[in-house]
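Below is one structure; the comments refer to it alone.
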Amino acid sequence: MNHLFVKWLTAMSICLGTGVSLIDIHYSIKENGVMVSLDYNGPINDEDIIVWKSDRRWVYLSLFNVDVPKNKLPQQNFKWPLKKIVIDEFNNSMQLAILIGKPILGYDILNSKTSPGTVLFIHTKMKTSEVANLKRHIYKK
């Protein structure tokens with residue numbers, strides 16, 4: 001009887017404790033913005049993601065029913081224009097606050113249906129010289 005109870009208790013703790021967790025955050029700097037990739041240990045629903053930007057160059061990404069990794073230290077040194085990433089944990093949810101050093105024009109978010117990950121692309125203002133170079137490159141092709 002005790003053996004059966006231990007199996008039941010183990011199964012229940014696994015079922016109740018298998019929420020989705022953030023595994024890693026990667027970013028890539030582009031001429032026209034920053035691409036932030038989030039990896040999870042399981043898929044999340046589109047309805048569990050909210051993104052908005054402030055007028056002070058912050059982008060906020062709220063992830064409901066996603067846990068923060070407990071054993072990872074946040075990165076401290078970032079490549080320009082990414083200045084800072086702050087992770088806040090709430091009741092079984094989390095929020096990423098991303099500070100960008102250039103004016104933010106907007107953002108796009110893609111939540112994968114086939115793999116446990118989300119990509120947030122933050123569009124930033126390009127310098128006039130960068131835009132001119134890009135136009136020249138497009139016209140040549």
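The values are calculated or read from the model by the stated rules, or taken from the named source; none is laboratory data. Predicted model only: the values in this text are computed from it and were never measured. All Cβ positions, even for glycine, are placed from backbone atoms using ideal geometry, and neighbour counts span all protein chains on display. What goes into the accessible areas is simple: the full protein's heavy atoms, side chains included, and nothing from ligands, DNA or RNA. Shrake-Rupley method; radii C 1.70, N 1.55, O 1.52, S 1.80 Å.
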Any chance the stretch 67-84 includes a residue that's of a type outside the set (Asp, Glu), under 12 Å from the mean Cα position of the chain (by Cα) and not in a strand (DSSP E or B)? yes
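Before we move on, is Ile104 in contact with a Gly (Cβ under 6 Å, 6 or more places away or on another chain), modelled with pLDDT of 95 or more and surrounded by 13 or more Cβ atoms within 10 Å (Cβ to Cβ)? Explain how you work it out, then say what you get.
Numbers: in contact with a Gly (Cβ under 6 Å, 6 or more places away or on another chain): no; modelled with pLDDT of 95 or more: yes; surrounded by 13 or more Cβ atoms within 10 Å (Cβ to Cβ): yes.
So Ile104 does not fit the description; no.
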What do you reckon, is Ser62 of a type in the set (Ser, Thr, Tyr), assigned to a loop (DSSP other than H, G, I, E, B) and under 21 Å from Gly19 (Cα atoms)? no
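I need the full set of residues from the stretch 64-84 which are surrounded by 12 or more Cβ atoms within 10 Å (Cβ to Cβ) and on the phi < 0 side of the Ramachandran plot, in order please. Can you show your working first?
Initially, the stretch 64-84 is screened for residues surrounded by 12 or more Cβ atoms within 10 Å (Cβ to Cβ), giving 64-69, 72, 78, 81-84.
Hits for the stretch 64-84 are Phe64, Val66, Asp67, Val68, Pro69, Lys72, Phe78, Pro81, Leu82, Lys83, Lys84.
To keep it simple, each residue is scored yes or no on (1) out of contact with any His (no Cβ under 9 Å at 6 or more places or on another chain); (2) closer than 30 Å to Lys102 by Cβ; (3) modelled with pLDDT under 95.
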{"residue": "His3", "(1), (2), (3)": "yes, no, yes"}
{"residue": "Lys7", "(1), (2), (3)": "yes, no, yes"}
{"residue": "Ile23", "(1), (2), (3)": "yes, yes, yes"}
{"residue": "Val36", "(1), (2), (3)": "no, yes, no"}
{"residue": "Val51", "(1), (2), (3)": "yes, yes, no"}
{"residue": "Pro69", "(1), (2), (3)": "yes, yes, yes"}
{"residue": "Lys79", "(1), (2), (3)": "yes, yes, yes"}
Reported set for the stretch 85-101 where residues are of a type in the set (Val, Ile, Thr), crowded, with 17+ Cβ neighbours inside 10 Å and within 12 Å of the chain's Cα centre (by Cα) is Ile85, Ile98
Considering the stretch 107-130 alone, what residues qualify as being at pLDDT 95 or above and of a type in the set (A, V, I, L, M, F, W, C)? Ile109, Leu110, Val119, Leu120, Phe121, Ile122
Would you mind stating whether Leu61 is open to solvent by 100 Å² or more (accessible area, probe 1.4 Å), within 13 Å of the chain's Cα centre (by Cα) and within 20 Å of Ile29 (Cβ to Cβ)? no
If I go through the stretch 21-47 residue by residue, how many of them are more than 10 Å from the chain's Cα centre (by Cα), more than 16 Å from Ser115 (Cβ to Cβ) and open to solvent by less than 60 Å² (accessible area, probe 1.4 Å)? 4
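Kindly indicate whether Leu82 is touching a Leu at 6+ places or on another chain (Cβ under 7 Å), within 30 Å of Gly19 (Cα to Cα) and in contact (Cβ under 8 Å) with a residue 24 or more places away in the chain.
On the way: touching a Leu at 6+ places or on another chain (Cβ under 7 Å): no; within 30 Å of Gly19 (Cα to Cα): yes; in contact (Cβ under 8 Å) with a residue 24 or more places away in the chain: yes.
So Leu82 does not fit the description; no.
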